[in-house]
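The values are calculated or read from the model by the stated rules, or taken from the named source; none is laboratory data. If you're wondering where the values come from, they're calculated on a predicted model, not measured in any experiment. Positions of Cβ are backbone-derived with ideal geometry, glycine not excepted, and every protein chain shown enters the neighbour counts.
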Amino acid sequence: MNNTVQTNDTMQANNAVLMNDTIIVEIDIEAPPERVFEAWTDPQQRLEWWGDDAAYRGTKFESDLRVGGRWSTEGKGKTGQPFSVHGKYTRVDPPKALAFTWNHDWGGKTMPETHVLIELTPTSSGTHVSVTHSGFTDVGERDDHNNGWKRVLGWLRGYLQR
């Protein structure tokens, strides 16, 4: 009986994510939108700021920065486990927006392709960065990515404001 309850709870949670399959994470950075866009899209800079040894670190980033162009990141988790993330650009509008598909190979399960939109809005002190990640079909994946994007934006701000 207890297994039935857990299964029903899991089904309800996964049904709820279908109704709310999107996360939005925002941060203000004291750097102009052009600089933020450059840090996000330049392969050398991206490897400098995206990651830390306590979580994971990218070791390779390739990018064909155009609509329809492919991008990919390879790296190692904190225990040395390799990972990769890849997709295609669906919008390239410097320095205002960048959108791309997102596919990853960590966590032992396959996740359906999701979609990421990065929006950069000038402010009096720099840039308001908004990350919208949509298309999740699993509550755990959605929540993990929500926490991950908060960490990523913190790394970006730390890199640009040093």
Of Gly158, Gly75, the only residue that is surrounded by fewer than 14 Cβ atoms within 10 Å (Cβ to Cβ), outside any loop (DSSP other than H, G, I, E, B) and not basic (Lys, Arg) is Gly158
Subset of the stretch 70-86 [in contact (Cβ under 8 Å) with a residue 24 or more places away in the chain, more than 15 Å from Pro43 (Cα to Cα) and not aromatic (Phe, Trp, Tyr)]: Gly77, Lys78, Gln81
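Taking the stretch 99-129 as the region of interest, how many residues are among the hydrophobic types (A, V, I, L, M, F, W, C) and either in contact with a Cys (Cβ under 7 Å, 6 or more places away or on another chain) or more than 17 Å from Gly58 (Cβ to Cβ) (or both)?
Let us first name the residues in the stretch 99-129 that are among the hydrophobic types (A, V, I, L, M, F, W, C), namely 99-100, 102, 106, 111, 116-118, 120, 129.
Add one more test, that the residue is either in contact with a Cys (Cβ under 7 Å, 6 or more places away or on another chain) or more than 17 Å from Gly58 (Cβ to Cβ) (or both), and what stays is 99, 111, 117, 120, 129.
Count: 5.
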Residues located in the stretch 52-72, provided they are at pLDDT below 95, of a type in the set (Gly, Ala, Ser) and either under 14 Å from Tyr89 (Cα atoms) or part of a strand (DSSP E or B) (or both): Gly58
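Could we say that Thr101 is free of Cβ contacts under 8 Å to residues at least 60 places away in the same chain and assigned to a loop (DSSP other than H, G, I, E, B) here?
On the way: free of Cβ contacts under 8 Å to residues at least 60 places away in the same chain: yes; assigned to a loop (DSSP other than H, G, I, E, B): no.
When the stated conditions are applied, Thr101 does not pass them.
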Whether any residue in the stretch 78-98 is under 15 Å from the mean Cα position of the chain (by Cα), in a strand (DSSP E or B), modelled with pLDDT under 95 and loosely packed, with under 15 Cβ neighbours inside 10 Å is what I want to check. yes
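In the stretch 106-143, which residues are among the charged types (D, E, K, R) and surrounded by 16 or more Cβ atoms within 10 Å (Cβ to Cβ)? Full working, then the answer.
Step one: list which residues in the stretch 106-143 are among the charged types (D, E, K, R), which gives 109, 113, 119, 138, 141-143.
Matches in the stretch 106-143: Glu119, Asp138, Glu141, Arg142.
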Of (1) within 20 Å of Val25 (Cα to Cα); (2) touching a Lys or Arg at 6+ places or on another chain (Cβ under 7 Å), Arg57 satisfies every one except (1)
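Here's the yes/no breakdown for (1) more than 14 Å from Ala99 (Cα to Cα); (2) modelled with pLDDT under 95; (3) touching a Gly at 6+ places or on another chain (Cβ under 9 Å); (4) assigned to a strand (DSSP E or B):
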| residue | (1), (2), (3), (4) |
| --- | --- |
| Asp9 | yes, yes, no, no |
| Asp28 | yes, no, yes, yes |
| Arg35 | yes, no, yes, no |
| Arg46 | yes, no, yes, no |
